[in-house]
1. Would you calculate the separation in nanometres between label points at Gln136 and Glu92, each defined as 7 Å from the Cα along the Cα-to-beta-carbon direction?
2. When the Karplus curve 6.51 cos²θ - 1.76 cosθ + 1.60 is applied with θ = phi - 60°, which whole-Hz ³J(HN,Hα) does each residue of region 31-42 get, with x for Gly and Pro?
3. Show me, for region 14-29, the HN-Hα J-couplings you get by feeding each phi into the Karplus relation (A = 6.51, B = -1.76, C = 1.60, θ = phi - 60°), rounded to Hz, glycine and proline as x.
4. Expressed as a whole percentage, what fraction of the accessible surface of the chain belongs to carbon and sulfur atoms when a 1.4 Å probe is rolled over the protein heavy atoms?
5. Return one quarter of the surface area of the convex hull spanned by the alpha-carbon atoms of region 32-157, equal to its mean projected area, in nm².
6. Using the Karplus equation 6.51 cos²θ - 1.76 cosθ + 1.60 (θ = phi - 60°), what ³J(HN,Hα) coupling, rounded to whole Hz, does each residue of region 153-161 give in order, writing x for Gly and Pro?
7. Want the number for Lys156 to His19: 0.36 nm per residue separation, take away the alpha-carbon distance, what's left?
8. So if I restrict to the alpha-carbon atoms in the chain, what is the Rg, and what is Dmax, the biggest pairwise distance, in Å?
Amino acid sequence: MNILIIGATSGIGKSLYSHYIASGCKVAIMGRRKELLEELSSGNASATLPLSVDISDCTALEISFREVAKQFNQIDLAIICASTGDLNPTLEISQELDTLATNVVGWTNVIDTLYHYFEAQGHGHIVSITSIGGMQPTPVAPSYSASKAFQINYTKSLQSKAKKSHLCITEIRPGLVNTRMAKGEGLFWVMPVETVTRQIIRGIEKKRKLCIVTKRWRLLNFIVKHFM
């Protein structure tokens with residue numbers, strides 16, 4: 001199986017890469033930090049295509065994606081892990097705009113590019129990793145929570161659009177995971193990356209429409225959706 005992981009240099013993306021490369025897949029990995037991509041791929045160079053790209057740069061993304069399509073001939077599974085977000089209680093404008101450039105503009109370019117590619121190919125599986133944070137606004141990270149809400153709703157829209165095609169689109173909605181994205185004081189239910197990765201892989205294999213990870217976060221998702 002040929003796989004593309006966008007945002008593979010750390011956290012969930014890195015963990016998913018380790019799983020799929022160990023399973024004998026060919027994996028293209030994209031991320032901003034070239035040295036980390038090279039380090040990650042060094043042990044499996046023949047089966048890994050590392051491409052340094054910032055998804056907020058739409059032109060650079062287009063060039064990198066064309067390289068993946070050329071090298072792999074076909075892509076079976078594409079996982080969008082790329083995201084950014086910081087606490088910003090003072091509402092520093094440049095920080096808010098940087099988050100939106102990646103999580104809204106860049107992310108939309110990624111998922112639309114994948115949709116068009118798989119539509120032309122006639123099959124494919126897109127996995128969109130969003131966040132429970134998109135279910136509830138927060139005053140300390142407004143651009144992050146708003147951008148994740150955007151991703152959730154955009155993914156749902158594409159799922160509806162794909163109903164008459166051979167495309168599968170899965171939304172993975174994690175709670176707090178022990179990665180560099182988990183920031184702030186008094187965090188609870190912070191899940192190990194390994195546990196989250198196992199549940200994500202099961203959700204992908206079963207081609208679920210929505211997979212909330214881990215299981216305990218399904219309760220909070222239900223409460224926020226129906227009572228807040």
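The values are calculated or read from the model by the stated rules, or taken from the named source; none is laboratory data. As the structure is a computational prediction, the values presented were derived from the model and not from experiment. In this analysis, Cβ positions are derived from the backbone assuming ideal geometry, glycine residues included, and neighbour counts consider all displayed protein chains. In case anyone asks, the SASA skips ligands and DNA or RNA and just uses the protein heavy atoms, side chains included. Shrake-Rupley method; radii C 1.70, N 1.55, O 1.52, S 1.80 Å.
1. 2.6
2. Using θ = phi - 60°, the values come out as x, 7, 9, 4, 5, 6, 4, 5, 5, 5, 8, 4 Hz.
3. 5, 5, 5, 4, 4, 5, 6, 5, 5, 8, x, 7, 8, 10, 8, 10
4. Details: 6080 of 11150 Å².
In the chain, the share of accessible area belonging to carbon and sulfur is 54 percent.
5. Computing the convex hull of the Cα atoms and averaging its projections yields 8.6 nm².
6. Listing the rounded values in order: 6, 5, 4, 4, 5, 5, 4, 5, 5 Hz.
7. Values: separation 137, 0.36 × 137 = 49.32 nm, distance 2.69 nm.
Here the answer is 46.6 nm.
8. Just the Cα atoms of the chain yield Rg and Dmax of 16.7, 51 Å.
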